[in-house]
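To start, the structure itself, in structure tokens.
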């Protein structure tokens, strides 16, 4: 049942922080996972944890410094994609739903234009056939009647409508994998759940084979994701089935995340604004556990030795010296 | 460039589709019109363009008519007096508007096209080509323009307007190129550009359909800046005698007036009028650019609206 | 230091481009420099002695060598500031003529650039501080107008009204006729008296740029979070707050300062012509109208050198003012 | 920069000695001798003056002309000869010329002036051809001194060359012998025979003081000449209109209003005519190779309008003979001039063009041989505003005949180069020289022309005519006045009937002077010299005529 679509093997991504600094920033550090057919993997972490970078590597917008992507069906390595120059045609099998529907649609182009581009490019359809296909897609994302939307421009639509257009455009390329990068965080609270359900339904309909859902919000992961991977400063700290992670967090960082979720009964603050001391990139530890400076259970070993990800029951992976 | 504040009516599904570029222009003109300074600039510019188109009809006399008393001061028949050769100065001013504005706009156009070619290429590609183009841009940015122009113009085999336009145009692109480069390198990482790449669009299409419309206001601002610079530089060259003195323009009028000792001779109109026209025309461009500053810099918005 | 090295490489690169352009332009243009010289040195319409022609060619170093070897020779000469002999001031060297003119221009341009920077920046702060008030409207509109002035036209009108009609300022020159340059109070006052009006016209025509730039920077900085924070924290004293903002807003203007130097130099060229100020711009003008090509090229290189060295200096100044650059992270 | 420091140091010393006073605007302030200095503007300071009184370097200061002297002073207007450093000359044969040198003349260093100095001067030019800008040694074979005689031997007969020999600046042998390279010598402390010697120099002005050893000391009443650098025309115009300058020789637009009107009792200008501005046509090309077309040009151009509206009324239309009115004395035939009077007559021009067989199209454009409208270019140097204006008038005049003329204004050197190599159609340029024969020789002699593509010295239009050469040669090889006149009239006839070039209007000797401090200036009534202060050797006459006003 759990058929792997795309496996991500040990990807690392480093950026030169700027031209004059000698220490590169490690955005993603040796992360591996598999996207499974019909399943949604949630990628959770605070901003700067590398989750967006992983999403961009999947789409091919960026290439990993080390590691590779492998399509399970063909065995094709996608790692060499990194050698291609940026700006070339991308792999249509991975499409993306962006965080900000305002920024994801060019204000000067009509909905029709944005939607038909992938159809024309990938399906080799002429423009009238592409228009019909675009109308179908709009219906699929429940924007009806489609004719009313096609000739509009982004600023004539509401945020939720725009995000549906963005989703429709992602589907237009008939992708195997969709990367949804915080698809609801900019939307009105009232429609977030609906949007997440739409994505869930689209996966169920077979509009795509698998999905990577990137979020900082563990609660929304509960709605959409089958599995969750928690990232801390580019490192995978914990991974497992969504219910088990939320129900029984093992890594201290996961626990911290859960504790900081606003709870109607327990007044708290949303995660993004928790006043964690943000560390300067150069000052990140290159040895030892990345979380050690903030960890309440820190031990000597944490500062000298990087914890390996170790398998637990139910396919759970945890990288922590303190968890035995 | 969070500028999509224009509301377009949404009367049903029959909204006629405007081409994307028309949309861009409409937005720009609306924004400009809302700003008081740029509105004044637009009106002034319109007046000058009108005079440029109709100058030869409005002029009371032909500029070739040298049958009047020579070197006369202002009078009822000759509002700004006559030249040393007996031509009507006011007629020259009206007729000269066309070539001055053509000079200004042509320089603006050449400089803008070069700035776009170099700046956008440099911003869109990475690696050695960007490095080389950026270096060239920075070098010409630092290179003092007028001395270079003087050297070029004085070596040129003939003196004519087209030559001046090309020489000035080909040396005034770097500022625009630099601005456009940084804008492109920002836009290149925007979500909608990434989306277009994921949609399989070619680089050229992405440039034309996604990036360019979003920097049109910068391009026009650069055009206006170059047009002003071009006019002032061309006028300076003409004043130094490096232009084409047979071409009636504001700059050549100043050249002739200065050579004929116009001020000494009490012919203040001959010197003042072309200079004022240059300054007011230039001011209209500066004022319009105030509006563009506000389009590209939201924090400046709210000025005198 | 890496920043310094990068800027220095750029300085050398720019110089090299300028030198190469200077070398190529006359050689790519049609026309024969030798015939220009002949026209200069021989009386018109008089018989020409072929021996004299040859002698003059040799004397002026007209070379028939290959372009590449001429180029190497040229580079060697430029490095030693050897630009050959001026045609119009023959047999004085171009270096000598430039040496005579350069101090006056450096003084005039230097003084007026600094004045215009200070006045323009000051008014820009004022305009931003009183944004959308009467002061702002007047100051910005006026500077839009002065920004579009042709420098030389303004100078023409000024010299006519203030010097010729009213005799408030001298008509011409850098010091009174009949005096010799000495380091005395009287002479220095005389130089200032002569330089005042040219400097004034340059200041008025060039300060608009600073003003508008500073105003925009100020408005941007006023919107920055840390300023809002400072205000919220109760930095009630408007003057202190203003200075706080201005100090940060002035940074982009310093790079602009160096950039704009090229424009000020260009403006001063034309102003010097109008005032017959014995500086480098007036020398360039005369070189052009007299077709003194060696002098013209020498002056071009010197102007480029001055502008890019000033740029380099401004870059270094920027390091001193902005610590972020010093740490190499800007 | 070293020189500058030296200058500063020396002027500091001068100040302590009380010589160079720090007085502001010392212009026209009385000197210690009670007489005002003569204030002139003669040199362009671009941007400042450079100290150079070497008379053989083309960029020398005009002041050199007031210090060095020639053997004879020849009036540039009418050729009248005044013995100067020589008392007489004699053509022993057409190949041998002997000058007798004045005795009692002293150099400013106190040493006597001798014939040896004269011979040295000419032999120096032989040794350094770059000094020989009048190409004397093309004709000379030797110059020797013996006693108070200097003998010039010619290898080629050239009688008119006397003029260039007689007006050469004579230098001091002892001084110039010590100079390693006289071509680049700046001669800041000249040893001279003339009325003035160098006093002070700054980049803005220099002063010359009277030479106490001058041989005609009784004729010099000027204690000091103050020569202020010319800057821009406008600024100089403003200075002369304020009476700050006694003598200025430049183009002043509208000078009646801008200069004379400021003080009509004391401000004057006398600007006599010099050699003409001339339309050169490329005679190797259609349509200029047809004399009918050239005649049509002479009739078609409204010279009256050119002088009145293009030249501020300073000039008069030129006679087709090429010689200025002052030079026509004894050299012209008035009967000829009357017979060939090319006054403005567009109808005649149209008639001549029709006679050539040129047709017009429906738009009134004259068609060339290939059936296309006739389009010509007319060049004149950039910056010569009045000539450019004249060219525009010419263009308008020819447009009335259906000929399109494009006026082009390249750099002066480009125009010269185009003229020399024959790559032009029409050019408006000065033609002619100080003496009639030189004018004709330069413009008409086949020895002064060259094939298209090769530089021609001065016969730019490429007139090649055996009869012309013969007449030129006849004049040059005789000292007989009657024979010379015969040759001259023959040359004029060629000019008038063949029109190798079309003279347009006479240039003038620019001149503005005031009688505020000095009188005795040359005038129309007393044209004893060309009035311009750059006129060599004429201004020596002016300086010996001027008398201070009390």
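The table that follows gives values for the structure above.
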| item | result |
| --- | --- |
| Separation of alpha-carbon centers, region B:98-167 and region D:185-220, rounded to whole Å | 53 |
| Cα-projected label distance for residue D:446 with residue B:132, points at 7 Å along beta-carbon direction, nm | 5.9 |
| Taking A:127, D:439, D:318 and counting other C-beta atoms within 10 Å, the order from fewest to most | A:127, D:439, D:318 |
| Most fluctuating residue given options B:122, B:38, B:182, as computed from a GNM of chain B linking Cα atoms under 10 Å | B:182 |
| Theoretical gain in end-to-end length, residue B:204 to residue B:113 [0.36 nm per residue, Cα-Cα removed] | 31.2 nm |
| Shielding by partners, peptide D:127-134 (average Cβ within 10 angstrom, other chains) | 6 |
| Chain B - mean residue ellipticity at 222 nm from DSSP helices (-39,500 (n - 2.57) per run, n ≥ 4, rounded to 500) | -22000 deg cm²/dmol |
| Chain B - Rg over Rh from alpha carbon coordinates, Kirkwood radius | 1.05 |
| Degrees between helix D:346-355 axis and first principal axis of chain D (Cα, 0 to 90, nearest 10) | 50 |
| Estimated 222 nm signal from helices in chain D, with DSSP H stretches of n ≥ 4 weighted -39500 (n - 2.57), rounded to 500 | -8000 deg cm²/dmol |
| Diffusion constant of region D:422-496 at 25 °C, which comes from Stokes-Einstein with the Kirkwood Cα-pair radius and 0.890 mPa s, µm²/s | 190 |
| Antiparallel bridges, percent of DSSP beta bridges restricted to region D:276-508 (to nearest 5) | 65 |
| Fraction of antiparallel bridges per DSSP, the protein assembly as shown only, in percent to nearest 5 | 70 |
| Förster-model FRET efficiency, 41 Å R0, residue D:466 and residue D:148, C-beta, rounded to 0.05 | 0.40 |
| Rounded Å value of the spacing that divides the Cα centres of region D:390-420 and region D:142-159 | 45 |
| Value in Å of the Kirkwood radius, where region D:301-398 supplies the Cα pairs that are averaged | 16.0 |
| Taking C:69, B:91 and counting other C-beta atoms within 10 Å, the order from fewest to most | C:69, B:91 |
| Computed log₁₀ I(q)/I(0) - Debye formula, equal Cα scatterers, no solvent, region C:131-171, q 0.19, 0.25 Å⁻¹ | -0.65, -0.76 |
| Using alpha carbons only: equivalent-ellipsoid semi-axes of the protein assembly as shown, gyration tensor based, whole Å | 80, 36, 30 |
| Peptide-level mean, for C:10-20, of C-beta atoms on other protein chains within 10 Å | 3 |
| Ranked B:270, C:104, criterion: other C-beta atoms within 10 Å, fewest first | C:104, B:270 |
| Nearest 10 degrees, 0 to 90: helix D:481-498 Cα axis against chain D principal axis | 40 |
| Label point distance in nm, residue D:339-residue A:15, each placed 7 Å from Cα along Cα→Cβ | 9.8 |
| Using alpha-carbon coordinates, inclination of helix B:268-296 to the longest axis of chain B, degrees | 10 |
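Bear in mind these aren't lab numbers, they're just calculated from the coordinates by the rules spelled out. Keep in mind that what you see is a predicted model, and the values were worked out from it rather than measured. Glycine gets a Cβ as well: all are built from the backbone with ideal geometry, and neighbour counts include every protein chain shown.
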